[in-house]
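Questions regarding the structure given below will be posed in turn.
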Amino acid sequence: MVRVTDRHLAEDITSETFLRAFGAMARYAPTGADVGAWFITIARNLIIDHFRSSRVRREVLIGDARAQDTVTAPSAEDQALEMIRHEPLRSALAALPAHHRKTILLQYWAGWPNERIAREMDGRTTGAVKALRRRAFLHLRTSLRREAMAK
């Protein structure tokens, strides 16, 4: 039966079906029909009962209460600390050659796929874009390590 899309609910109904069948085993009278049909009838009735239940219709799950607190803006102090924390990366990105910087920005900030970046960058191949991005990251890593060593 594909009447329940929630896997956990399907597992609960399956368990309950076997429990009810086991509990009613003494009352079961074989009529020549397949015993599987009896199990399916029990499961179908459980599904119907579940969806008729007013509890299911009224139950609304909400996320964690902490997720609701994200409406407030960060304080000026938090914003300043965040800018300071990202300053080495900004400096390293600014120091990259233009085609390296453009590749990284289009991939990670704009979310463009390699094919679109290749078209944007004078019709390069996707392999060339990947190689360019790799060289850009190597250059970034070297710059950031040099900055960290200087501190």
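The values are calculated or read from the model by the stated rules, or taken from the named source; none is laboratory data. Owing to the predicted nature of the structure, the values given are computational and were not obtained by experimental measurement. Glycine gets a Cβ as well: all are built from the backbone with ideal geometry, and neighbour counts include every protein chain shown. Accessible surface is based on the protein model in full, side chains and every heavy atom, while ligands, DNA and RNA are left aside. Shrake-Rupley method; radii C 1.70, N 1.55, O 1.52, S 1.80 Å.
Only one of Arg101, Arg44 is surrounded by 11 or more Cβ atoms within 10 Å (Cβ to Cβ), at pLDDT 80 or above, farther than 30 Å from Ala148 by Cβ and charged (D, E, K, R); which?
Testing whether each residue is surrounded by 11 or more Cβ atoms within 10 Å (Cβ to Cβ), at pLDDT 80 or above, farther than 30 Å from Ala148 by Cβ and charged (D, E, K, R) leaves just Arg44.
Another question about this same structure. If we keep just the residues of region 73-98 that are in contact with an Asp or Glu (Cβ under 8 Å, 6 or more places away or on another chain) and of a type outside the set (S, T, N, Q), which is surrounded by the fewest Cβ atoms within 10 Å (Cβ to Cβ)?
Here the answer is Pro74.
Tell me which residues, restricted to region 121-141, are open to solvent by 70 Å² or more (accessible area, probe 1.4 Å) and in a helix (DSSP H, G or I).
Lys130, Arg134, Arg135, Phe137, His139, Arg141
Cβ-Cβ below 6 Å, separation at least six or inter-chain, first residue in region 109-121 and at negative phi, second open to solvent by less than 70 Å² (accessible area, probe 1.4 Å) and in a helix (DSSP H, G or I): which pairs?
Short answer, once both residue conditions are applied: Trp112/Leu106; Asn114/Thr126; Asn114/Val129; Glu115/Thr126; Ile117/Leu106; Ile117/Val129; Ala118/Thr126; Ala118/Val129.
Could you tell me whether region 9-20 includes any residue that is modelled with pLDDT of 85 or more, among the β-branched types (Val, Ile, Thr), in a helix (DSSP H, G or I) and under 32 Å from the mean Cα position of the chain (by Cα)?
Scanning region 9-20, I find at least one residue that is modelled with pLDDT of 85 or more, among the β-branched types (Val, Ile, Thr), in a helix (DSSP H, G or I) and under 32 Å from the mean Cα position of the chain (by Cα), so the answer is yes.
What residue, of Ala148, Ala118, is open to solvent by less than 70 Å² (accessible area, probe 1.4 Å) and modelled with pLDDT under 85?
Ala148
Okay, moving on. Anything in region 122-151 that is touching a residue at least 12 places away in the same chain (Cβ under 8 Å) and hydrophobic (A, V, I, L, M, F, W, C)? List them, or say none.
Val129, Leu132, Ala136, Phe137, Leu140, Leu144, Ala148
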